[in-house]
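Some notes on the structure that comes next.
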Amino acid sequence: MTHSTDPQTGLSSLILSSQEEKLQSADWAEIWSNMRCPGLSPTEQSFLFKMVYGLLPTKSKLLRFSIEENDQCFFCNEKDDKDHFLSCTQASSMGEATRSILTEISPYKKEVSWQQICSLELHLPPVQRLPALILISELGLEIQNTRTKKKKLTPGILTSKLRFRAEVVGGSRKYQDAKFELISWIENQLNTQDPATERVAALDDGSGVAVATSQDSE
Ligand SMILES: [Zn+2]
């Protein structure tokens, strides 16, 4: 990888090498094949590339360039680094839901870590590889989009975008399985039609906590 340049982003070999040094034990053949998985859109591929190489504009990253004054997350005050991007409350539980899906399909039958997701070292089963990578990249793109506006991610908007992507990818006969897999995840694990109501119901013990939660989620 030392002298390669990514054709999509045009990023130079220097960045690749330093990141690769940091992750020497990583399975780069798998990571690279995931980033270039056939069926992904160029935008999705580009997002995955930035995520793997730690090029997303997190506050930790921006602090290093003196663009930010601290690395505290705008939404939750935790350290806003590479792994925090998907796990933050900003993602309105969609990051957690994605991690559950990835854990379910993992051949190792143990919880997939944020670090594994962000590095794309997932050893995904062939049938679920494309839909899982579309899910991760569309989630990341929507997080990126809403973060820029300093807003929390709206699950319904993410699932609409994923449904649209499922239809587009399903337009090709060879990606029919990917389409059905994505739609199944949207309708089951990602189906939080009204999460605020659910949480209020779960917490409604008359203590007033539910009211606070309901306001908090808007
Ligand atoms: Zn956060």
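Bear in mind these aren't lab numbers, they're just calculated from the coordinates by the rules spelled out. Everything quoted here is computed from the prediction, not taken from an experiment. Here the Cβ positions follow ideal geometry from the backbone for every residue, glycine too, while neighbour counts run over all protein chains shown.
Quick notes
- Dimensionless Rg over Rh [the stretch 118-165; C-alpha; Kirkwood]: 1.04
- Cross-link reach list, lysines versus LYS150, counting only Cα pairs under 26 Å and skipping chain neighbours closer than eight places: LYS50, LYS59, LYS61, LYS79, LYS82, LYS161
- Unit charges at the beta carbon, dipole of the stretch 19-187: most positive-side option, ILE157, TYR108, SER33: ILE157
- Once both labels are positioned 7 Å from their Cα atoms along Cα-to-Cβ, the gap between ARG64 and PHE164 label points is 3.3 nm.
- Computed over the alpha carbons of the stretch 19-187, Rg followed by Dmax gives 15.6, 50 Å.
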